[in-house]
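The values are calculated or read from the model by the stated rules, or taken from the named source; none is laboratory data. Every value quoted in this text rests on a predicted model; they were computed, and no experiment measured them. Don't worry about glycine lacking a Cβ; one is built from the backbone with ideal geometry, like all the others, and counts go over all protein chains shown. For the accessible areas, the whole protein counts, side chains as well, though only heavy atoms, and no ligand, DNA or RNA atoms are used. Shrake-Rupley method; radii C 1.70, N 1.55, O 1.52, S 1.80 Å.
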Amino acid sequence: MNRKLLLILLSLIILVTTMVVGCKKETPQVIGEINGEEITLEQYNQHYKILKNYYAQQFPIDEKNTDMVNEIKDQSFNELVNQKLVMQQAKKLKIEIAAEQVDKDMENMQAGYEKQAKGGWQKYLQENGFTEQFLRDEWTSQRILLAVQDHVTSDIEVSKQEIENYYNENRESFKQEAGIQISHILVETESEALDIIDRIKAGDDFSDLARKYSTCNSSQQGGDLGVVNENTDFVEDFKIAALALEPGQYTSKPVKSQFGYHIIKAGNRAEAGYLSLEQARAEVESNLLASKKQQAFTGYLEKLKQEADIKDYRK
C-alpha cells in the first residue's frame, strides 16, 4: 500500500491515544465534545499533523500562512467530529470488524513498505512516531467507518435511464484514440505472478483470475484497462510490454513496475472514435454509483451533526 493512500485513509479516522509519563497518566486537555465524548488536544494535533502531511504531498504548506494553517486545523476538527459520530453509530448498529481482516491489512501495509526499501516499515513508524498497535487501532476504526458507509448506502442503485442520460450528456468524455484494448492482473510478488501465468496456460480464464487475485481497482472489470496507446499515461515499462502484444497474446513473464508484478493481456485493436454506450456502461455505472453513495453518506453525516451535541472549546 503506498504512502499517499495510507495518508488519505488515516486522515479519515479518529486518532485515540493516551500520553503516559512513568506510571502516572496525565489528564488530557479537552478541546471538544461530541455527545459527551471528548476530543483531546493530542488527538487533534496528531490528526492535524497527518492531514498536513497529506496536503504536503500535493502542494507546499506555508506555516506562516495563518489562513492556510487555520483551514487545515478546522478540517482536522471537523473530520474528528464526523468520525466520532460514525463510531457512535457503529456501536448502535453493532458493527464490528474481525481481527483477521485487520491482521491482513497490517501485513499488506508492512509488505508494501518493505518492498520500497529494506527496513522501510520500521523507518515509516519511526518517522511518524507510530507504533504497530497504534496503526492496528486506527485501521480497525477505518474498517468500521467503511462498514457503516456500506450499511447506510446498501440500497442505492443506478438505473438504466441514469446511465443513458449521463452517457448522452457527456459523450465527448468517451472519445478515444486508436489503440489496443489491454487487461492486466497485478499482484505483489513474482511467484504469485508466475503461478497465475501457469494457470492461464492451463486454460483458466484471464478475467476470472483478475477478479480473484488482482490488487488493482480494474479487477472489478476483469482487469480491463480500456484502450492503450503511446499517449496513455501508464508506467513506461508496463506500456512498452502491453503495446508489444498482438491481440489475444499475454505476457509469458511477469512485468515488474513500482506497483508490483503484472500479467498483461491484449484484446482487440480499436479505431479512433467514441465508445458505444455498451462499451462505456460498466464505467458509467461504477462512477455514478460511487457518486450517489458518497452524496448519500455526506447527507447522513450532516443529519448526524444536526442532531448531535457538539462543543468546540478551541476558541
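Could you tell me whether residue 310 is in contact (Cβ under 8 Å) with a residue 24 or more places away in the chain, over 30 Å from residue 37 (Cβ atoms) and open to solvent by less than 90 Å² (accessible area, probe 1.4 Å)?
No.
Could you please give the count of residues in segment 193-227 that are assigned to a helix (DSSP H, G or I) and of a type outside the set (D, E, K, R)?
Count: 15.
Going residue by residue through segment 74-87, is there one that turns out to be open to solvent by 40 Å² or more (accessible area, probe 1.4 Å), part of a helix (DSSP H, G or I) and not charged (D, E, K, R)?
yes
Against the condition surrounded by fewer than 13 Cβ atoms within 10 Å (Cβ to Cβ), assigned to a helix (DSSP H, G or I) and not aromatic (Phe, Trp, Tyr), how does residue 149 come out, does it pass?
The answer is no for residue 149.
The rows are residues; the columns are (1) within 27 Å of residue 288 (Cα to Cα); (2) under 16 Å from the mean Cα position of the chain (by Cα).
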residue: 132; (1), (2): no, no
residue: 137; (1), (2): no, no
residue: 140; (1), (2): no, yes
residue: 144; (1), (2): yes, yes
residue: 149; (1), (2): yes, yes
residue: 156; (1), (2): yes, no
residue: 163; (1), (2): yes, no
residue: 166; (1), (2): yes, no
residue: 172; (1), (2): yes, no
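In the list 73, 123, 94, 52, which residue meets the criterion of being at positive phi and out of contact with any strand residue (DSSP E or B) (no Cβ under 8 Å at 6 or more places or on another chain)?
Going through 73, 123, 94, 52 in turn, the sole match is 94.
How about segment 166-191: which of its residues are touching a strand residue (DSSP E or B) at 6+ places or on another chain (Cβ under 7 Å), open to solvent by less than 80 Å² (accessible area, probe 1.4 Å) and in a helix (DSSP H, G or I)?
174
Specify the residue that is surrounded by the most Cβ atoms within 10 Å (Cβ to Cβ); the eligible residues are those in segment 208-229 that are of a type in the set (A, V, I, L, M) and within 13 Å of residue 263 (Cα to Cα).
210
Which of the residues that make up segment 257-278 are touching a helix residue (DSSP H, G or I) at 6+ places or on another chain (Cβ under 8 Å) and without any contact (Cβ under 8 Å) to a residue 40 or more places away in the chain?
Matches in segment 257-278: 257 only.
Considering 96, 71, which residue is over 18 Å from residue 145 (Cβ atoms) and open to solvent by 30 Å² or more (accessible area, probe 1.4 Å)?
Going through 96, 71 in turn, just one is over 18 Å from residue 145 (Cβ atoms) and open to solvent by 30 Å² or more (accessible area, probe 1.4 Å): 71.
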